[in-house]
Structure formats: structure tokens, C-alpha cells
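Notes for the one structure printed next.
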Amino acid sequence: MIADDQRESRRSSLAVWFAVAAVLPALYMLSTGPVLLLVNLGYVPNAVLSIYWPLAVLRHHFRLADVFYAWYESLWFRLVG
């Protein structure tokens, strides 16, 4: 009985780690829009953008990534008008 509880606990812990591993990169990649908006509005310093250098490299080497991020960023800038 205790072994079953421990296995179930391990499985649920593993599920949480997989969920975190999937969600955190997505949040990082999608946070570019709001952060760029905040930088352009002057609420956040430009230095914050340095955390996105891996995405800048990705955009430089992959046209599809560049097209997606150009579209995604334009959505955020249209919010402000």
C-alpha cells in the first residue's frame, strides 16, 4: 500500500516537472511582446532586452521565426495604437 502511494506521488511529481518544462519555454518566447511594449512605453529599461538574445539569434537564422515574431510583436504594438 505504501509503495503504491509512493509510486503515485512520483508520477504526479514527474507530471508537474513535465508541465513546467513545457510551459516555461513557451512563456519565455511569448513574453517578448509585452516586454517590448513596456520598453517602448518607457516602463522597462532597454537592458532587459538582453535576456532575449537567443531569440534574436533564432530570428536571424530562421526566416519563419522572424516572420512569426514580427507578426507577434505587431499585435502588441497595435494594442497601444
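The gain in end-to-end length when the Leu14 to Leu58 segment is fully stretched comes to 12.9 nm, 0.36 nm per residue minus the alpha carbon separation. The value given for the chain is a Kirkwood hydrodynamic radius of 15.3 Å, derived from the mean inverse Cα-Cα separation. A cut-off under 15 angstrom between Cβ atoms defines the neighbours of Leu49, and their net charge, with Lys, Arg +1 and Asp, Glu -1, is 0. The smallest convex shape that holds all Cα atoms of the stretch 17-63, its convex hull, gives 95 Å³ per residue. Of the chymotrypsin sites (Phe, Trp or Tyr not before Pro) found in the stretch 30-81, those that fall in a DSSP loop while having at most 10 other beta-carbon atoms within 10 Å are Tyr43.
Where a number appears in this text, it was derived from the coordinates with a stated rule and is not lab data. Keep in mind the model is a prediction, meaning the values are calculated, not measured. Every residue, glycine among them, receives a Cβ derived from its backbone with ideal geometry; neighbour counts consider all protein chains shown.
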